[in-house]
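The values are calculated or read from the model by the stated rules, or taken from the named source; none is laboratory data. Keep in mind that this is a model prediction, so the values were computed, not measured. Cβ: placed from backbone, ideal geometry, glycine included. Neighbour counts: every protein chain shown. In case anyone asks, the SASA skips ligands and DNA or RNA and just uses the protein heavy atoms, side chains included. Shrake-Rupley method; radii C 1.70, N 1.55, O 1.52, S 1.80 Å.
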Amino acid sequence: MIFVVALVVLLPFLAAAAGLLASRLRTGREAPGDRAAYRRAAWFAIAAATASLALTVWLVLVLTRGAVPAGEGRPFWTDLLPGRLEGTLSVVETGSVPVAVSLRADGLSVLAGMLVVVVALAVQVYSVGYMRDEPRYPSYSAFVSLFTSAMLLVVYAGDLIVLYVGWEIMGLCSYLLIGHWWEDRANSRAAVKAFLVTRLGDVGFLFGVFTLGIAAGSFRIDDILRADIPTGTAVAGTLLLLAGVAGKSAQVPLQTWLPDAMAGPTPISALIHAATMVAAGIFIVARLYPVFLGAQPTLDVLGVVAAVGMLGAALAALAQDDLKRVLAYSTISQLAYMAAALAAGSDRAAMFHLVSHGAFKALLFLCAGLVIHHAGSNLMSHMGGLRTAMPVTFWTTTIGLAALMGLPPASGFFSKDAVIAAVEHSRGAAQPFLYASALLTVGVTGAYATRAWLRTFFGPARIEPLPEPPPGTAHVFDGREAPRSMLWPVGVLAVPALLLGFAGVREVDWGSAAVSLVVALLGAGIVYALWRGAPDQDPARMLGPFQAPCERAFYVDALYAALIVRPVLRLARGVVRTDAKVVDGAVRGSGRATLGLSTLVRLAQTGNAQLYVTGLLAGLLLIAVAAVVLT
Amino acid sequence: MSALPAVLLAVPLLGAAALALPVFRGRSTSAYGIAVSGAALVLALVVAAVFDYRDAGRIQLGLDVPWSPGLGLRFHLGVDGISLPLVVLTALLVFLCFVHLARHRPEGGRPRALAFTLLVLEVGMIGTFLALDLLLFFVFFEVVLVPMYFVIAIWGGPARRAAAVKFILYTLLGSALLLIGLLVVWAQTGTLDIADLAARHGSGIPRTAQVLAFLAIGVGLAVKTPMWPLHTWLPDAHTEAPTVGSVLLAGVLLKMGTYGFARIAIPVLPEGAATLAPWLGAFAVVGIVYGSLACLAQRDLKRMIAYSSVGHMGFVLLGFATLTPVGMNAALFGNVAHGLITGLLFFLAGAVKERYGTADMVRMGGGMLRRLPYIGSLLTFACVASLGLPGLAGFWGEMLALLGAFRPAAALSRPLFLVFMAVGGLGTVLTAAYFLVMLSRVTHGRPTETVPAGPPLTSAEEIREVLGPGEPVEPVATGTAVAEVEEPARPTWDVTGHELAAWLPLVALTLAFGLWPKALLAVTTPAVQAVLGQGVTP
C-alpha cells in the first residue's frame, strides 16, 4: 500500500526526468517551432499529474474506510479520512540519529496532497496554452513536474530529514521557474533573491529539525510527536522551525522575496507562489502541531508575526499597480491569517483556510494570467473595461475576489470566519493585538480586492496593442479571449473556490461572521465610492501621503540592502584584499625573507682563502678560551 | 593476503614505465592512456566488488611484506570502508581525465610526457589511500607532489612557474611537519603499522606527545587540505593548472589531506585530537565563511571554484573536529561528494575557458544559456550540487557535519560547537549566494560579446589588482563593460561527445549518492565506528 504513496511522489519526478532528457530526442535543438518536443513534454507532464491525481483519489477512498478514533476535538480531516498508511522504505545509518526513508499518508497529508495535485494538473493544462510559443517549454514543464514531486514529498514524508529534502528541492524549482525568462536581469535577480532569502530561513529550519530530532532520538515525525520533549527544547526547536516557516511562507521578516517572485510566468505564480509551496510552511506547523502546542512562547511569536504581516501586506496590496503584485501581497496577508489561526490554537481553521485559499488564489492567478495574456501588460493602469471582452474571465475572477474578501457564499467566507472566530476565542499574550489586526485586515482586503476588480474590468478601456512583446510577456493583444485549454482549468478551479466552504457550514460562528462581513463591505464601499467619483483615477489615492510607503512595502527591501547585502559585499571585497595582502603576503614575505637571509650568508662566501683561514683561527681561539674559562 | 592492491598500483606504474619505450615516440598516446587508466579503474571496481561490505570496518585485501627490515618498514597495503570510496574515486577521475585528453591536446604539447606524469600521479594517489604503514603513506604522499609540480609548471597557464613553485614549496613545508609528527609517533610506540596503532587507540603515547604529534601531523595535513589560513597556494595552483591538473588537484589531492586525519591523526592520537579539536573546528568554520566571502568577490571562474574548495573542505574538517561517528561520516561523504562535484566544475570551467578564451567573468559576458545551452545547464547543475542542495551529493556531507557539531563528542565543549554550527549554517547561505550570483552573471542575461584580450589580465596578481576598491561586483556592471550584440561573433560550439563521456559519470554519481546516501554511508559507518573505538564515542 505504501508503494502507492511512493508512486504518487515518484510519477511527477519521472515525468520531470523524461521531460528534461527525452523531449528533445531526435527533434533538433532549441528551434522555436519545435512542435514535437513541445507536444511530447506536455504529454509527459500532464500524464504524470493525472496519474498522481487518480492515485490520490484512490488514497482518499482507502483512507475513508479507516476506523474513526473516539474522543472529541479531533480535526475534521481525521473525521473525513480516519485511516492511515505508513511505511519505511529504508533506514539510513548516519552514525548518530538514523534517517528513516519513510512515507505516511493520513487525513492531513492527503488533504494537502489533493490540493497540490489538483492545482498542479490545472496549471500544467493551462500552461500548454499560456506558454504556446515558448522555446523552453519542455524544461519549464519538467521543472513544474519536479516541483510537484518535491511538494508531494513534503506532504507525505514520514521523517523530517526526508521532508527537508523535498522542502529544499521546492526552493530550487522556485528559483529555476522565477528565473525562467533569464534574459532579463531583473528576473534573474528576483530568482536569486527568492532562493537566498528562503535558504536563510531553511538553515534555521534544519537546526530546528536537529533540535527536535536529537531530543526525541529520531527524525521520524511519529516519534517526535510521541516523545516527551522538555519545554525549553521544544520552544527552541519550534522557534528555529519558525524561521523556515517564515522563509517559505513569506512571513515577516522574510517576506520580501515573494512580490519579486512574480517575475516568473503567471502559472508558476499560481502553483508555487500562491497555492502550494508558500503554504508548506503552514502545513509543517500543522503537521507538528502537538509540539507547537507544548511551546506557547513560539505560538505567541507566531501571533505577532502574523498580526504585523497580515495588515502590512494588505496595505501594500492596496497601493500596487501591478496586478500580480497585488495578488502576491494578498498571498502574504492570507498566509498570515493561517499563521494567526495556528497561533490561536486552531490547526483546523488554518488548514481549512489553506485549502480554500489554495483554490481561490490559484484561480485568481490563472485569471490574472488570462488578463495579462490578453492585455499584454501586468499593470492595472493599462487595463480597464475588460468585462465585455472577457466574460468568462470576469465571472471567474469575481468568484475568486469574493472568496478573497470573504463574501458569502464563496469558500473564503467560511474559512476566514473559522480563522477569525478562532482568534477571537483564543487566549494568548498576543490575542488582542492579533484580533484587532485581523479585523482591520478584513476591511483592507475588501478595499484592495474591490480596487483590483474595478480597475481591471470596469471603467474606460486603456488597452493599446503593443508593437513587440517585451520580455516576460507571452503574447501581444489579439482582441479575443484565451484558448480553451486555458479557460477549462480556470472554470474547473472556480467550482471549489465557490463551493468548498460549505464543507464547514456547520461550524460557522454567525456573530463573528457578521462583524467581518460588515467590515469587508465597509472597505469595499469606500473604494467603490471613490471610484464612482472618478473612474479613471486610482482609488489608492485615499491613502494620501502613505501611498508611497505602502507601494514600496514600507522600504523593507531598501533596509535589507543597506543592512545586509551591501555590508556583505563590502566584507567580501575586504576578504579578497586581506587574502592577497595579509595571508598570502605572509607566505610571499617568508619567501623574500629567506632570500634576503641567503644574501647575508652569501657575503661570507667570498672565495678569499685568507678570510677563511682568519675565520678558522678565530673560531679555534674562541673554543680554546671557552674551554679554559668554562672548565 | 591478497595481491589485488599491489596489482592496482602496478598497472599504472608499469603503464607509465612502458611509455618510455621508443615504440611510443611520435605516436598518439590517448588510446593507451585510456586503456591503462581504464584497466586501473576496472581493478578498483574489482576491489570494490570483492570487498566484504558486512565487515567494512575491518581492513581487507591486506598485503603485508617486509620492505626494509632493518628499519622495521613494511610494505603494508589494504582497504577498509574509509579508503575504498577514495580509491575508486581516484581511479575514476584519472580515467575521466584521460577521456578528456583524448580530444583536448594539452596546450604545452608533449602528450606522451603528460600521460606519463598522470599515471605516476595515479600511483601516488592510490598508494596514499592504500598504505597502512606510516612511512609508506608518507612516501606515496610525497610521490604525488612531483608529477603535480610538472603538470602545473609545464602544461599550465601564463603564470604557471610561480604557481608551481609556490605549490611545491608550500606543500613540502607541510610534509616536513607531517614527517616530524610521524616520527614522534614512531619514537613513542616503536611501530609504524597504522592498523596496529589504530587498534591501540592511543594507549602507550603520553598526552603531551600526542598533542605535539597531532599538532605536527595536523598542520602538515592541513596544508594539503587546505585549511584556512594555509590555503593560499591553492587558488594560484588551480588558476594556472590545466583542466586535468585542476580536476585531480581538487578531486583527489585535497582528499589526501583529509584522509590523513581519518586514517592517522584521529585514530592514532585520540587524546591529541580531543585537545586540539576545538581549534580545528574554529579554523574550519572560519575557512567556510572566509572562503565563501572570497568567492563572492572573485572575477575569475577557476579561482572562484578554487576558493569554494576552501569552504567545502571547511565542512569536512568541521566533521572531523566533532570527533563523533556522524561527523567522521560527514567528512568522508563530503570528501567523495566534493571530488565528484568539484571535478565536474573544473571540467566545465576548462570547457568554458576553451570556448570563451578567458575565465574572467566580466570579460565573458552573460547569456551562456543561450550561447551554450548544454554547457550552461550542466554548469547550473554542478553549482546547485556544490551549494549543497538536498537530493544531490553535496548536501549530506554538509548536513551531517552540522548534525555532528550539534552534539559533539562528550570531551568537547558543546556551546562552542553550537557556535560553530551556527556559523557553518550561515556559510551555507553564503555558499549559495556566490554560486547563484556567478550563475546569474554568466549564464543569465542576453548574450553579449566576449571582450577580446585587451590589456593582459592574465596573472592572479593582476586580477586582484583590477578588483580594487570601488570596483562594483554587481552583475549590472557588466552592461557597461560589454556591448550587447544580436549574434555573438565568436563562434562557439556546444558540448561534444567526448566531453559528455567525461562528465556524465560524475553527474550520474552526484545524483546517485544524493538520492541514495546509504550507498556510501553503509560503507563508511562501520569503519568510522571501528576507528573511533569506545574512547571518544558519546
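Quick check on my filter: what residues within the range A:203-212 are of a type outside the set (S, T, N, Q) and either out of contact with any Gly (no Cβ under 6 Å at 6 or more places or on another chain) or within 9 Å of chain B (Cβ to nearest Cβ) (or both)?
Narrowing the range A:203-212 to residues of a type outside the set (S, T, N, Q): A:203-210, A:212.
Those that are of a type outside the set (S, T, N, Q) and either out of contact with any Gly (no Cβ under 6 Å at 6 or more places or on another chain) or within 9 Å of chain B (Cβ to nearest Cβ) (or both): A:Val203, A:Gly204, A:Leu206, A:Phe207, A:Val209, A:Phe210.
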Whichever residue in the range A:549-570 is within 17 Å of B:Ala297 (Cα to Cα) and surrounded by 15 or more Cβ atoms within 10 Å (Cβ to Cβ) and, among such residues, is farthest from the other protein chains (Cβ to nearest Cβ): A:Val565
Got a sec? Which of B:Ser2, B:Ser28 is surrounded by fewer than 20 Cβ atoms within 10 Å (Cβ to Cβ), assigned to a loop (DSSP other than H, G, I, E, B) and in contact with a strand residue (DSSP E or B) (Cβ under 9 Å, 6 or more places away or on another chain)? B:Ser2
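So, in the range A:379-390, how many residues would count as being under 28 Å from A:Val355 (Cβ atoms) and open to solvent by 40 Å² or more (accessible area, probe 1.4 Å)?
Filtering the range A:379-390 down to residues under 28 Å from A:Val355 (Cβ atoms) leaves A:390.
Applying the additional criterion that residues be open to solvent by 40 Å² or more (accessible area, probe 1.4 Å) yields none.
Going through the range A:379-390 one residue at a time, the tally reaches 0.
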Taking the criterion of being more than 10 Å from chain B (Cβ to nearest Cβ) and among the acidic types (Asp, Glu), would at least one residue in the range A:151-166 satisfy it? yes
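Within the range A:33-45, work out how many residues are surrounded by fewer than 19 Cβ atoms within 10 Å (Cβ to Cβ) and touching a residue at least 60 places away in the same chain (Cβ under 8 Å). Can you show your working first?
From the range A:33-45, those surrounded by fewer than 19 Cβ atoms within 10 Å (Cβ to Cβ) are A:33, A:35-36, A:39, A:43; that's our starting set.
Narrowing the set further to residues that are touching a residue at least 60 places away in the same chain (Cβ under 8 Å) leaves none.
Here the count works out to 0.
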Got at least one residue in the range A:223-235 being buried (at least 24 other Cβ atoms within 10 Å of the Cβ) and basic (Lys, Arg)? no
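How many residues does the range A:506-539 contain that are of a type in the set (Val, Ile, Thr) and open to solvent by less than 60 Å² (accessible area, probe 1.4 Å)? Lay out the reasoning, then the answer.
Here is the first cut: in the range A:506-539, the residues of a type in the set (Val, Ile, Thr) are A:508, A:515, A:518-519, A:526-527.
Pick out the ones that are also open to solvent by less than 60 Å² (accessible area, probe 1.4 Å) and you get A:508, A:519, A:527.
Number of matching residues: 3.
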Just the residues that are under 30 Å from B:Ile59 (Cα atoms), in contact (Cβ under 8 Å) with a residue 60 or more places away in the chain and open to solvent by 40 Å² or more (accessible area, probe 1.4 Å), please, taken from the range B:5-25. B:Leu13
Residue under question is B:Gly497, and the condition is that it be out of contact with any His (no Cβ under 7 Å at 6 or more places or on another chain) and open to solvent by 20 Å² or more (accessible area, probe 1.4 Å); does it hold? yes
For a quick check of your reading: which helices (runs of 4 or more DSSP H) sit entirely within the range A:213-272 and have at least 2 residues that are within 13 Å of chain B (Cβ to nearest Cβ) and touching an Asp or Glu at 6+ places or on another chain (Cβ under 8 Å)? A:231-248
Say we look at the range A:167-194 and pick out the residues that are facing chain B (nearest Cβ under 7 Å) and open to solvent by less than 10 Å² (accessible area, probe 1.4 Å); which of these is farthest from B:Leu430 (Cα to Cα)? A:Gly179
Given A:Gly113, A:Gly107, A:Gly95, A:Gly129, which one is open to solvent by 10 Å² or more (accessible area, probe 1.4 Å) and among the small types (Gly, Ala, Ser)? A:Gly95
Under 9 Å by Cβ, and 6 or more places apart or on different chains, what pairs join a residue from the range A:402-419 that is outside any helix (DSSP H, G or I) with one that is of a type in the set (D, E, K, R) and at pLDDT 90 or above? A:Gly406/A:Lys416; A:Gly406/A:Asp417
May I ask you to list the residues in the range B:190-229 that are touching a helix residue (DSSP H, G or I) at 6+ places or on another chain (Cβ under 8 Å) and either among the aromatic types (Phe, Trp, Tyr) or open to solvent by 40 Å² or more (accessible area, probe 1.4 Å) (or both)? B:Arg200, B:His201, B:Gly204, B:Pro206, B:Arg207, B:Leu212, B:Phe214, B:Leu215, B:Val219, B:Trp228, B:Pro229
Out of (1) modelled with pLDDT under 90; (2) assigned to a helix (DSSP H, G or I); (3) in the same structural domain as A:Ala316 (by TED's automatic domain parsing), what's the single condition that is false for A:Ser516? (1)
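Of the residues B:Gly124, B:Gly81, which is under 25 Å from B:Val316 (Cα atoms), of a type outside the set (D, E, K, R) and in a helix (DSSP H, G or I)? Walk me through it before giving the result.
Details: B:Gly81 fails: in a helix (DSSP H, G or I).
It is B:Gly124.
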Inspect the range B:333-340 for any residue being away from chain A (no Cβ under 14 Å) and in contact with a Pro (Cβ under 6 Å, 6 or more places away or on another chain) and give the result as yes or no. yes
Condition met for A:Asp321 (in contact (Cβ under 8 Å) with a residue 12 or more places away in the chain and touching a strand residue (DSSP E or B) at 6+ places or on another chain (Cβ under 9 Å)): yes
For the subset of the range B:404-420 comprising residues that are open to solvent by less than 10 Å² (accessible area, probe 1.4 Å) and under 23 Å from B:Leu293 (Cα atoms), which member is nearest to the other protein chains (Cβ to nearest Cβ)? B:Ala405
First in the range A:591-610 and within 14 Å of another protein chain (Cβ to nearest Cβ), second anywhere and at pLDDT 85 or above, Cβ under 8 Å, 6 or more apart: A:Gly591/B:Leu169
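Can you tell which of A:Ala410, A:Ala430, A:Ala421, A:Ala402 is under 25 Å from A:Pro259 (Cα atoms) and assigned by TED's automatic domain parsing to the domain that holds A:Ala503? It would help to see each step written out before you state the result.
Working: A:Ala410 fails: under 25 Å from A:Pro259 (Cα atoms); A:Ala430 fails: under 25 Å from A:Pro259 (Cα atoms); A:Ala421 fails: under 25 Å from A:Pro259 (Cα atoms).
Of the residues listed, the single one that is under 25 Å from A:Pro259 (Cα atoms) and assigned by TED's automatic domain parsing to the domain that holds A:Ala503 is A:Ala402.
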So B:Arg370 clears everything in (1) modelled with pLDDT of 90 or more; (2) part of a helix (DSSP H, G or I); (3) closer than 21 Å to A:Ala190 by Cα except one condition, right? Which one? (1)
Meets criteria (in contact with a His (Cβ under 9 Å, 6 or more places away or on another chain) and not aliphatic (A, V, I, L, M)) for A:Phe365: yes
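Would you mind listing the helices (runs of 4 or more DSSP H) fully within the range A:1-92 where at least 3 residues are within 24 Å of A:Leu121 (Cα to Cα) and modelled with pLDDT of 90 or more? Give the steps one after another, and end with the answer.
Values: elements: A:2-22, A:35-64, A:76-80.
Correct list: A:2-22, A:35-64.
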